[in-house]
Amino acid sequence: MKIKLPVSVYNWTTVIGATLAIISLFMIVFLFVVSVFIQQGSSYLGLIIYIVLPAFLVAGLVLIPVGMIAKTRRDRRQPHEEPRWPVVDLNKETHRNAFIIFTAGTTLFLLLSAIGSYEAFTFTESVEFCGTICHSVMRPEYTAYQNSPHAKVACVECHVGAGSDWYMRSKLSGLYQVYSVTFHKYPTPIPTPISNLRPARETCERCHWPSKFYGQKLVVKKYYLNDEQNTPWQINMAVKIGPSHSAYALQEGIHWHINPDVAIEYKASDAQRQTIGWVKRINRTTGAVTVFEDTEHPIEKRQFDSLQTRTMDCMDCHNRPSHNYMPPQFFLDQAMAAGRIPTSLPFMKKLATDLVAKEYGTTDSALAGIRGGVDEFYRTGYPQVYEKNRPLIAAAGRVIGEEYGKNLFPEMKVKWSAYPSNLGHMEFNGCFRCHDGNHKSAEGKVISKDCNLCHTIYAQGNPASLAMSPLDAPLTFAHPVEIGDAWKESVCTTCHTGLNP
């Protein structure tokens, strides 16, 4: 039976719109079946299913009435009389068929729109969408995230969080990001959006309960020197993240800074909050206030009032919780300690450090340069070692390249030095931003630089002959290389740049 439709339907604009809508709907259903039942999909497939094809579907549906209206207006200009408004008469077969098709089509479209809108929302909130759609731009962040302690936490949990207001902020910000990526307006490296981050109490503290305190934590760190033997150096320490006894709760330890009875306020003179010249400690129980000022680099009076006064929270120390780019010194030491990079090859640590420190234009050229550099070093400098250990040398070059690819991204100019990490004090000042011995109060109090405030060393030295502390007294730190008392008189970053032990 032939279905009769109104005359206004028969025009090229409506026919093209209907064809486009039908094809788009078919492709959406087909690809949806592929992604769900056959379980073959990716972020790009989701982009096509929930964003690109629905746009073509809506465009096609819009063309249908546009064509009908245009044809009706053209017909009106003919000599015979036509009513000014369309008349729907269900007693007429053509009107009845059009009404049934319109009603059924609208119902189906609304149903699919509801499902599609939910799927589109879910897709845009997914880790794959955040990390892979803008592949070259977001590759450093996505790679670091996958190797972080928060690899199972979705991006939106921290970058958006709960609530419609922050959701709208993130989507409006996302529009500018799309523009920036499309027209290559983004900087390299992309700066950390410090001023736009949501407060830690609204993100971090949804999982990390601040009222729950923890005791001290035993940490074993293993390093390798840049000598011919790749001499190992080990430090066993108790990191005082919590109190010495559970009864003291947050009264002691590093997490004292988030004690609810205490507020720490500060002013930083730089955008990355690395130079802190003013600190205020407020005892919320007694009301006592102590102000500390940096005596070496004080904040100028004319600048003071213009600087933000920030209350310290988790993010002031844990500022790289998911996108931490490790310095070569750290990721090479870890790979050597794990046995992935051989320590039996002479000058392995120094060679690896020198190779990853070079400037490369692309990741591919870096990997090729590292593999070639390792091979050439032993082939020309240690021919006998080379002949006996070719597979080991080749494997070393490959692993060094793998570790490089997790932490350095030359296309985006991303590396450890571009993103300061405040958790510690080796390659960045971190703790020493305040605990440098230079922040003093008018009463003569000083924010101490004493190492034992945060950790206690129980053993250190070459693993073959570790110096052990007695039970009642910690060891005094011994520098792996003899530098006298220089380590006491300056901060670690004076010498340590992430490229040396």
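Some values worked out for this structure:
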item: Subset of region 243-262 (residues that are among the polar types (S, T, N, Q) and modelled with pLDDT of 80 or more); result: Asn259
item: Residue list for region 222-278, filter: among the basic types (Lys, Arg), within 28 Å of Gln334 (Cβ to Cβ) and either buried (at least 19 other Cβ atoms within 10 Å of the Cβ) or not assigned by TED's automatic domain parsing to the domain that holds Tyr458 (or both); result: Lys240, Arg273
item: Set Thr497, Thr493, Thr456: member being in a helix (DSSP H, G or I) and surrounded by 14 or more Cβ atoms within 10 Å (Cβ to Cβ); result: Thr493
item: Ile400 vs. criteria part of a loop (DSSP other than H, G, I, E, B), of a type in the set (A, V, I, L, M, F, W, C), under 28 Å from Glu141 (Cα atoms) and modelled with pLDDT of 95 or more; result: no
item: Flag for Ala352 being closer than 30 Å to Ile190 by Cβ, modelled with pLDDT of 95 or more, surrounded by 14 or more Cβ atoms within 10 Å (Cβ to Cβ) and in contact with a Pro (Cβ under 8 Å, 6 or more places away or on another chain); result: yes
item: Condition broken by Ser421, with the remaining ones in (1) crowded, with 16+ Cβ neighbours inside 10 Å; (2) small (Gly, Ala, Ser); (3) over 21 Å from Cys495 (Cα atoms) satisfied; result: (3)
item: Qualifying positions in region 354-397 - part of a helix (DSSP H, G or I), charged (D, E, K, R) and closer than 30 Å to Lys413 by Cα; result: Asp354, Asp364, Arg371, Asp375, Glu376
item: Check on Asp333, under 19 Å from Gln274 (Cα atoms), charged (D, E, K, R), surrounded by 12 or more Cβ atoms within 10 Å (Cβ to Cβ) and within 28 Å of the chain's Cα centre (by Cα); result: no
item: Conditions (1) among the aliphatic types (A, V, I, L, M); (2) touching a Pro at 6+ places or on another chain (Cβ under 8 Å); (3) crowded, with 20+ Cβ neighbours inside 10 Å; (4) more than 29 Å from His318 (Cβ to Cβ): number failed by Val414; result: (4)
item: Helices (runs of 4 or more DSSP H) wholly inside region 103-191 that include at least 2 residues being at pLDDT below 80 and exposed (fewer than 14 other Cβ atoms within 10 Å of the Cβ); result: 135-146, 164-182
item: Test for Thr343: is it surrounded by 12 or more Cβ atoms within 10 Å (Cβ to Cβ), in contact with a strand residue (DSSP E or B) (Cβ under 8 Å, 6 or more places away or on another chain), more than 16 Å from Pro410 (Cα to Cα) and assigned by TED's automatic domain parsing to the domain that holds Leu250; result: no
item: Pro54 vs. criteria surrounded by 16 or more Cβ atoms within 10 Å (Cβ to Cβ), modelled with pLDDT under 70 and not β-branched (Val, Ile, Thr); result: no
item: Any hit, region 461-479, residues being of a type in the set (Val, Ile, Thr), assigned by TED's automatic domain parsing to the domain that holds Arg310, in contact with a Pro (Cβ under 9 Å, 6 or more places away or on another chain) and assigned to a loop (DSSP other than H, G, I, E, B); result: no
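The values are calculated or read from the model by the stated rules, or taken from the named source; none is laboratory data. Note that the coordinates shown come from a computational prediction; the quantities given were computed from them, not determined experimentally. Because the Cβ atoms are built from the backbone with ideal geometry, glycine has one as well, and the counts that use them run over all protein chains shown.
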